[in-house]
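Heads up: the structure comes next, in structure tokens.
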Amino acid sequence: MTDRIEMSACTSVMVGKQASLDGATYISRNEDRLVAIHPKRFLVQPAVSGRQEIYKSPYNGLTVPLPESGYRYTSTPNADESEGPNEEDGFNEKNVGESATESVYANKRVLAYDPFVKNGLAEDSMTTLVLPFIDSARDGVRYLGELVKKYGSAEGNGVQFNDADEVWYMEIVTGHQWVAVRIPDDCYAVAANQIAIEDIDFNDPDNYMWADGIQEFVEKHGLNPDEDRWNFRHIFGTDTEKDHHYNTPRVWYAQRYLNPEIEQDPESPDLPFIRKASRKISVEDIQYILKSHYNETKYDPLGSGSEHDRKTYRAISLSRTANSHILQMRNSHENEAAGVQWIGFGVPSFCPHVPFFTNANDTDVSYRELPEEMSLDSAYWLYETLAMVVESHYAEFIQDDLDYQKELSQWARTKIEEVDQVAKKMSGKELTKYLTEQNHLIAQHYNKETKKLLAKLTKQGAELSKLTFKMDPNL
């Protein structure tokens, strides 16, 4: 096994049910990779029972006996699974969501006493080994914590879980040490490749969870720099030049958008992890953040700032975002169509998030099948192509692209409302079949509109060629 280097340098946004405009819980993330082309699929993995199977990670050899039974779940695996499935995100049939993982980095002091386990649990296996087997967001933390205790962790990871009632964020930072916090219902949280969780109240197990013995570990090795508090970020985290330019500015920008009344320094090591927004947060707000690149600031790499300013900070939306997802769980106690998984392939800034109902037994062929060579019949390749075309003539094409995204966003809300009204009258297999059919129609609509935009931009782009010369019209 080679050393893993920032295989997933991501940005995560979480929203509690009282903080959201529609009363849903949200977890979301841009899955960023090392290269611009990192093909992904969107699948429904079937429920299993009576299984006798051992899972072995192709990435690092982690070996885990699988439970005999597992729930149906959605996921976005790599097209090439030679280094593990990397299923990343989805909802299971119990309406529990997981997004794994946000890469996080511990300091050298703590790693000296609890180094990573070479063949321990890593991102490639995280969703596969957890999501099919959990019954709530809280249960997700418990279940994953048991796996880390038994097998150790191969790397630092932040993992999000949600259900209709709760949002939890868990940070695994050394070979065996981790904590998790319940995001308050009226708050949001943003994480960006830096240990984010702050004070832990060990007398409040309803809102905090932690690895067995973590307090003794810290005390034994003299790791707490504070005299009057137990701050996880201070004990286990980092505050480096890289953090100031690669990580913290992304949190700053998201909080600037949701709390514009608060003045903060984009390089501050003390940006709070959990905040109350100045307004209710919509799914479009989350999309805006995941699509953002310091828009309307001097730091925008596509903006008009100086060469220095435009290259100062790493943006949230990147060319190497393999998949951008938003897991929206509405009131599943009353609505069997409650789970919506918004999938964005291509560069988020230029491409839409497509909504899919997760009470389904299949996905559209354009998301299921992925040819090695580019084909516009494949959703992944279609959106990668759109992103490349728009950015190639950004000034000329961006308004058409934004109009297209706005129209699809409006269409999505109308479509979800229409499906909800029909779904109220259905249940069981009939409902699952209906929602699966609607997912196909949704995919086909987005694919059609995207191809129309590409055709329009291609015609416009032909007039922008530098290989042109104005001549006398009579010649």
note = Within the stretch 114-170, residues being of a type in the set (Phe, Trp, Tyr) and either free of Cβ contacts under 8 Å to residues at least 60 places away in the same chain or assigned to a loop (DSSP other than H, G, I, E, B) (or both) number 3
ask   = If you go through the stretch 16-34, how many residues are assigned to a loop (DSSP other than H, G, I, E, B) and under 17 Å from the mean Cα position of the chain (by Cα)?
value = 4
key: Residue count for the stretch 347-391, restricted to those that are more than 30 Å from residue 426 (Cα to Cα) and part of a helix (DSSP H, G or I)   = 12
ask   = What about residue 411, is it under 15 Å from residue 39 (Cα atoms) and not in a loop (DSSP other than H, G, I, E, B)?
value = no
query = Can you find a residue in the stretch 39-54 that is closer than 28 Å to residue 181 by Cβ and part of a loop (DSSP other than H, G, I, E, B)?
reply = no
note = Restricting attention to the stretch 79-96, the residues that are more than 16 Å from residue 29 (Cα to Cα) and either of a type in the set (D, E, K, R) or outside any loop (DSSP other than H, G, I, E, B) (or both) number exactly 6
query = If the Cβ limit is 8 Å and pairs must be 6+ apart or interchain, which residue in the stretch 247-271 that is on the phi < 0 side of the Ramachandran plot pairs with which residue that is surrounded by fewer than 17 Cβ atoms within 10 Å (Cβ to Cβ) and of a type in the set (Gly, Ala, Ser)?
reply = 248/268; 252/268; 258/278; 259/278; 260/278; 261/278
ask   = Where residues in the stretch 422-439 are surrounded by fewer than 20 Cβ atoms within 10 Å (Cβ to Cβ) and hydroxyl-bearing (Ser, Thr, Tyr), which of them is farthest from residue 44 (Cα to Cα)?
value = 427
key: Scope the stretch 387-397; condition out of contact with any helix residue (DSSP H, G or I) (no Cβ under 6 Å at 6 or more places or on another chain) and closer than 20 Å to residue 320 by Cβ; matching residues   = 387, 388, 391, 392, 394
task = Tell me, yes or no, whether the stretch 322-329 has at least one residue that is in the same structural domain as residue 36 (by the TED database) and open to solvent by 30 Å² or more (accessible area, probe 1.4 Å).
result = no
inquiry  = Looking at the structure I just gave you, is residue 63 among the β-branched types (Val, Ile, Thr), under 19 Å from the mean Cα position of the chain (by Cα), open to solvent by less than 70 Å² (accessible area, probe 1.4 Å) and in the same structural domain as residue 257 (by the TED database)?
reply    = no
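Residue-by-condition table, conditions (1) closer than 20 Å to residue 110 by Cβ; (2) under 21 Å from the mean Cα position of the chain (by Cα); (3) not aliphatic (A, V, I, L, M):
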| site | (1), (2), (3) |
| --- | --- |
| 239 | yes, no, yes |
| 246 | no, yes, yes |
| 254 | no, yes, no |
| 258 | no, yes, no |
| 266 | no, no, yes |
| 271 | no, yes, no |
| 274 | no, yes, no |
All positions within the stretch 381-415 that are farther than 13 Å from residue 446 by Cβ and either among the β-branched types (Val, Ile, Thr) or surrounded by 16 or more Cβ atoms within 10 Å (Cβ to Cβ) (or both) = 381, 384, 385, 387, 389, 390, 391, 397, 398, 401, 414
inquiry  = Based on this model, can you work out whether residue 370 counts as of a type in the set (A, V, I, L, M) and assigned by the TED database to the domain that holds residue 159?
reply    = no
task = Please tell me if residue 195 is in the same structural domain as residue 151 (by the TED database), free of Cβ contacts under 8 Å to residues at least 40 places away in the same chain and either open to solvent by 50 Å² or more (accessible area, probe 1.4 Å) or of a type in the set (A, V, I, L, M, F, W, C) (or both).
result = no
query = What do you reckon, is residue 68 charged (D, E, K, R), modelled with pLDDT of 95 or more and open to solvent by 30 Å² or more (accessible area, probe 1.4 Å)?
reply = yes
query = Of these, 269, 301, 260, which one is surrounded by fewer than 17 Cβ atoms within 10 Å (Cβ to Cβ) and either closer than 19 Å to residue 346 by Cα or among the aromatic types (Phe, Trp, Tyr) (or both)?
reply = 301
message = Let me confirm something: among 239, 212, which residue is of a type in the set (Asp, Glu), loosely packed, with under 13 Cβ neighbours inside 10 Å and in the same structural domain as residue 317 (by the TED database)?
response = 212
note = When every residue in the stretch 419-434 that is over 10 Å from residue 336 (Cα atoms) and among the aliphatic types (A, V, I, L, M) is compared, the one farthest from the chain's Cα centre (by Cα) is 422
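The values are calculated or read from the model by the stated rules, or taken from the named source; none is laboratory data. Just so you know, these numbers come straight off a predicted model, no measurement behind them. Every residue, glycine among them, receives a Cβ derived from its backbone with ideal geometry; neighbour counts consider all protein chains shown. Just so you know, the surface numbers come from the protein's heavy atoms only, side chains and all, with ligands and any DNA or RNA stripped out. Shrake-Rupley method; radii C 1.70, N 1.55, O 1.52, S 1.80 Å.
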